[in-house]
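Engineer: After the structure tokens below, expect a handful of questions from me.
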Amino acid sequence: MFKLKNISPIALICLFVFNTNANAQNKRSVSSSKNQQQSTTTLYEKYIDANADAHLKEYADIISIPGISSISSHKEDINKTAAWIVNKLKSIGITTAQTLPTDGSPVVYGSWDKAPGKPTVLIYAHYDVQPVNEAEWDSPPFTATIKDGKIFGRGASDDKSGVMISIWAVEAILKTDGKLPVNVKFVFEGEEEIGSPNFRKFIIANKDLLKTDYALNADGSQYNETTPSILMGLRGAAAMEFSIKTANTDAHSGMFGGKTPNAALIMSQIISSFYTKDGNIAVEGFYDKVLPITPEERAMIKKIPYDKTADMKLLGTTAEVGDTTFSPLERVWYRPTLEIVGLQSGYTGEGHANIIPGSAMARITCRLVSNQIGQKIIDLIVKHINKNCPPGATVSYKFSNGYAAPLKFPSNTKAYNYVADALYKIYGVQPLQIAAGFSTGSLIDIKDILGIYPYSLGFELSDEKWHANNEFFRLSDIRKGQLVYCNYLQQLAKEK
């Protein structure tokens, strides 16, 4: 701070008048800027509302394509979905839109880079979907059905909502202003539902093309219809399959029962050995690398209005399980798991077969936390199975192609603040900080290779039956999501 010395009274008066005028001008400038932003936002709203019906038809079009990445017979549907998105991007002015090859499904890429000196944001989403059991659906899963303010169809929420909302928001700005306030890159993956096996290699090969200042994950969710949220942590994942063989064939239970090893029984005994009586994991060394839950994480959880009965009602369950040393959200967000996700043995068709199963199979998924490493966890489980496999049985293994690492997001960054501010402006309340028990390997890849945290900015809600029958998305969140993206891009443009 400087001090005034030897300045005449007249000079001081002049200085005061100058400062007063300058302050008034600054206030008018700030007020004008706010009014201009509000006016621009209103124009975006008008465009969004005027094109709502056309966008809903587009939504139905993309939902109708069964781009199931885990079933090879749907490869052409994957390619068809990617081509549909490319055409949509080109129609709004993204002239660089194209599909880029990987060792599996193509990645859709498009960029708008006509804002020199402004930041660049990369928007990630995925366009592939989960398989369906059509008999369990109330309406055809690949025919969009609108009912009670919801659009039903496979992928309507996870994650064609993320793909389309981000595109429509950019469209609203381009069609209204003729340009974007910042540079934007779209990266839409076609293998997220099978663990993104080729995405890491794709990013490494295209690191320069994907260079960015900020990144958003459009495959995200909000806490509920009126409360926004930002994802602050993900668990990792490791998966495997093992099989028990006790005979070359199933055996007659009357002729061989009592002397022949039963593969289903042995499988049950091995699975039982994975757990202690209180529900913890008994595999030696499983918890060795797990870090304690931090005070900040516990404080974050206390702000979440968690109601266990809501989840139980959603799933139709009647009990809540797990180590009661930790709260339910602590267990789901910050504690590791070992889950049996598939079992097969014996005869399960119509009727009854009196057999002793000669083989059995189990599939395992582990959710990992803190500094657990997927390969080391799988090695511990294999060691445990071998130790507990009795005489008369042999065991074989199948392993997944890769592992997803855990990821935590900092909240003391500009990138976080831009997302939080955009959500606040539309929802009117500050977003909750949440974590998630699932894994998204592609986000790890973006962070590791591009060096950017991909903060979540999606609008799925947890009751929208992702991966289940009768998946849906709320129509009201289509409009809300576009306005959040418009506000985000405007705010980002103010960065110097």
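Here, each number is a calculation from the coordinates, and none is a lab measurement. These numbers were taken from a predicted model, which means no experiment stands behind them. So basically every Cβ, Gly included, is an ideal-geometry build from the backbone, and we count neighbours across all protein chains shown.
Engineer: Decide, for the stretch 134-174, between rounded, prolate and oblate: order the square roots of the alpha carbon gyration tensor eigenvalues as a ≥ b ≥ c, take rounded if a/c falls under 1.5, and otherwise choose prolate if a/b is larger than b/c, else oblate.
Structural biologist: Verdict is prolate for the stretch 134-174.
Engineer: In what order do Val290, Val332 fall by count of nearby beta-carbon atoms within 10 Å, going from fewest to most?
Structural biologist: Ascending Cβ contact count within 10 Å gives the list Val290, Val332.
Engineer: Along its principal axes, what span do the Cα atoms of the stretch 392-482 show, with the longest given first and each in whole Å?
Structural biologist: Between the extreme Cα coordinates on each principal axis of the stretch 392-482 lie 65, 37, 19 Å.
Engineer: Does anyone have the angle between helix 476-493 and the longest principal axis of the chain? Alpha-carbon axes, 0 to 90°, nearest 10?
Structural biologist: 50
Engineer: A further question follows. So for Ser396, Ser229, fewest C-beta neighbours within 10 Å to most, what's the order?
Structural biologist: Starting with the residue having the fewest Cβ neighbours, the order is Ser396, Ser229.
Engineer: If you don't mind, another one. Can you give the helix-only mean residue ellipticity at 222 nm for the chain, where every DSSP H stretch with n ≥ 4 adds -39500 (n - 2.57) and the sum goes over all residues, rounded to the nearest 500 deg cm²/dmol?
Structural biologist: Counting only the DSSP helices, I get -12000 deg cm²/dmol.
Engineer: Using a 7 Å offset from the Cα along the Cα-to-Cβ direction at both Ser268 and Thr95, what is the distance between the two label points in nm, to one decimal?
Structural biologist: Once both label points are built, they end up 6.8 nm from each other.
Engineer: Follow-up question, since we're still on this one. Taking the number of other C-beta atoms within 10 Å as the exposure measure, put His252, His74 in order starting with the fewest.
Structural biologist: His252, His74
Engineer: Please give me, ordered by residue number, the trypsin sites (Lys or Arg not before Pro) of the stretch 195-246 that lie in loop per DSSP and have at most 16 other Cβ atoms within 10 Å.
Structural biologist: Passing both the DSSP loop test and the Cβ count: Lys207, Lys211.
Engineer: As an exercise, use a Förster radius of 35 Å and the Cβ-Cβ distance of Ile146 and Lys289 to find the FRET efficiency, rounded to the nearest 0.05.
Structural biologist: For R0 = 35 Å, the calculated efficiency reads 0.15.
Engineer: Could you give P(r) for the stretch 77-194, binned at 5 Å from zero, as whole percent values over all Cα-Cα pairs?
Structural biologist: With 5 Å bins starting at 0, P(r) equals 2, 11, 19, 21, 17, 13, 9, 4, 2, 1, 0.
Engineer: Apply 1/(1 + (r/R0)^6) to the Cβ-Cβ distance of Leu43 and Glu241, taking R0 = 60 Å, and write down the FRET efficiency to the nearest 0.05.
Structural biologist: 0.65
Engineer: Cα to Cα, under 17 Å, and not fewer than 8 places away if on the same chain: which lysines meet these conditions relative to Lys408?
Structural biologist: Of all the lysines, those that pass the test against Lys408 - Cα under 17 Å, at least 8 places apart if same chain - are Lys289, Lys447.
Engineer: Step by step: find N for the chain, compute 2.2 N^0.38 Å, then divide the Cα radius of gyration by it. What's the final number?
Structural biologist: Output field value: 1.17.
Engineer: Can you report the principal axis dimensions of the stretch 34-121 using only the alpha carbons, biggest first, rounded to whole angstrom?
Structural biologist: Principal extents (Cα only, largest first): 53, 34, 19 Å.
Engineer: Take each of the peptides 263-274, 295-306, 334-345, average the number of other beta-carbon atoms within 10 Å over its residues, and list them starting from the highest.
Structural biologist: Ranking, from highest mean packing down: 263-274, 334-345, 295-306.
Engineer: Let me ask something additional. For Val107, what residues show an amide H to amide H distance below 5 Å, using hydrogens built from the backbone and excluding near sequence neighbours?
Structural biologist: Residues meeting the amide H criterion: Leu100, Thr102.
Engineer: With θ taken as phi - 60° and the coefficients 6.51, -1.76 and 1.60, list the Karplus ³J(HN,Hα) couplings across the stretch 367-374 in order, rounded to whole Hz; mark glycine and proline as x.
Structural biologist: 9, 10, 10, 6, 9, 5, 10, x
Engineer: With a ≥ b ≥ c the root eigenvalues of the C-alpha gyration tensor of the stretch 273-380, is it rounded (a/c under 1.5), prolate (a/b larger than b/c) or oblate?
Structural biologist: Here the stretch 273-380 falls in the oblate category.
Engineer: I would also like to ask the following. Could you derive backbone 3J(HN,Hα) for the stretch 447-454 from the dihedral phi with the Karplus parameters 6.51, -1.76 and 1.60 (θ = phi - 60°), listing whole Hz in sequence and x where the residue is Gly or Pro?
Structural biologist: Once rounded to whole Hz, the list reads 5, 5, 8, 8, x, 10, 7, x.
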